[in-house]
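The values are calculated or read from the model by the stated rules, or taken from the named source; none is laboratory data. In this text, all values refer to a predicted model and were calculated from it rather than measured experimentally. Don't worry about glycine lacking a Cβ; one is built from the backbone with ideal geometry, like all the others, and counts go over all protein chains shown.
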């Protein structure tokens, strides 16, 4: 198994993840009021996605996370796309990120000692396909085998499209995490992935299990190259990481939300956030054990640039 995550961490102390792609797409005029969310832009305005990835590379990101979080066969089918057309759109998410990475690297190879950035294909949870906030609740009522079946073909398509690794993210459920880990071990032994949980407080993933226990359960799966949290309030990140550090030998990652508050029912955000504050918090996540650090919802290239400034100093 190739592990590009460990290869970068062997040469630098922090692998800098990107921030929210959807936030950048909305700034550029994309309408994400759709069950497909940012995957809608794969259909209508793909050039905006490539530009968003490029801007994160310019800000200092070592990874582009693709616009495939809600790109599922089931979701596209509801919009009238058959399986072949859906697979084309999923591959497009990877191709856009690769094109952005290659264009950036052609102009900036080796600057500030940087390694060539990675493309991580986003694999959102089953709850993201439901588009009803279930990624912050879990409790799907599905078995591990049913969840493996849900993820199988999408993972196959994304890996075949040329992603360097998978970003299995915003996972609210220990059952779903096991399903993904088992699927990779049994059917995609050459794949490399990180897995990050959505968490609801200082100690628990959203479905209610202990974060540290959920992390420990994944430690035996070699395809899982890093474990951590995302789409979680930043105020919980340090405590979660401190709890997880003794539970795994794998690198830890943290890419919380900006600190603004999200209401899944109204799909509205409230509050404010500043890049300097986010970057200062990111230092505490590194101190708590994280070596992959970035941002999730409502974070921006300015946040990633502020992290890059201290991480590459």
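Against the test of being crowded, with 23+ Cβ neighbours inside 10 Å, under 25 Å from residue 164 (Cα atoms), touching a helix residue (DSSP H, G or I) at 6+ places or on another chain (Cβ under 7 Å) and at pLDDT 95 or above, the options 244, 254, 237 yield a single qualifying residue, 254. Looking only at the stretch 156-177, residues that are within 12 Å of residue 125 (Cα to Cα) and in contact with a helix residue (DSSP H, G or I) (Cβ under 7 Å, 6 or more places away or on another chain) come to 8 in all.
So that you can scan it fast, the table gives a plain yes or no per residue for (1) over 30 Å from residue 139 (Cβ atoms); (2) touching a residue at least 40 places away in the same chain (Cβ under 8 Å); (3) over 23 Å from the mean Cα position of the chain (by Cα); (4) surrounded by fewer than 18 Cβ atoms within 10 Å (Cβ to Cβ):
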| residue | (1), (2), (3), (4) |
| --- | --- |
| 74 | no, yes, no, yes |
| 85 | yes, no, yes, yes |
| 109 | yes, no, yes, yes |
| 113 | yes, yes, yes, yes |
| 119 | yes, yes, no, no |
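Scanning the stretch 215-233 for residues being more than 22 Å from residue 1 (Cβ to Cβ) and either free of Cβ contacts under 8 Å to residues at least 24 places away in the same chain or surrounded by 24 or more Cβ atoms within 10 Å (Cβ to Cβ) (or both) gives a total of 4. Selection of the stretch 180-204 for residues being part of a helix (DSSP H, G or I), surrounded by 15 or more Cβ atoms within 10 Å (Cβ to Cβ) and free of Cβ contacts under 8 Å to residues at least 40 places away in the same chain yields 182, 183, 185.
The residue that is nearest to residue 80 (Cα to Cα), among those in the stretch 27-41 that are over 17 Å from the mean Cα position of the chain (by Cα) and either in contact (Cβ under 8 Å) with a residue 12 or more places away in the chain or surrounded by fewer than 16 Cβ atoms within 10 Å (Cβ to Cβ) (or both), is 35.
How many residues are at pLDDT below 90, over 24 Å from residue 127 (Cα atoms) and within 15 Å of the chain's Cα centre (by Cα) when one looks only at the stretch 1-26? So the count comes out to 0. If the condition is being surrounded by 14 or more Cβ atoms within 10 Å (Cβ to Cβ), farther than 19 Å from residue 77 by Cα and out of contact with any helix residue (DSSP H, G or I) (no Cβ under 6 Å at 6 or more places or on another chain), then the stretch 133-155 contributes 133, 136, 137, 138, 142. Within the stretch 90-137, the set of residues being farther than 17 Å from residue 296 by Cβ, touching a strand residue (DSSP E or B) at 6+ places or on another chain (Cβ under 8 Å) and at pLDDT below 95 is empty. Tell me, yes or no, whether the stretch 15-27 has at least one residue that is touching a helix residue (DSSP H, G or I) at 6+ places or on another chain (Cβ under 7 Å) and in a loop (DSSP other than H, G, I, E, B). Checked the stretch 15-27: at least one residue is touching a helix residue (DSSP H, G or I) at 6+ places or on another chain (Cβ under 7 Å) and in a loop (DSSP other than H, G, I, E, B).
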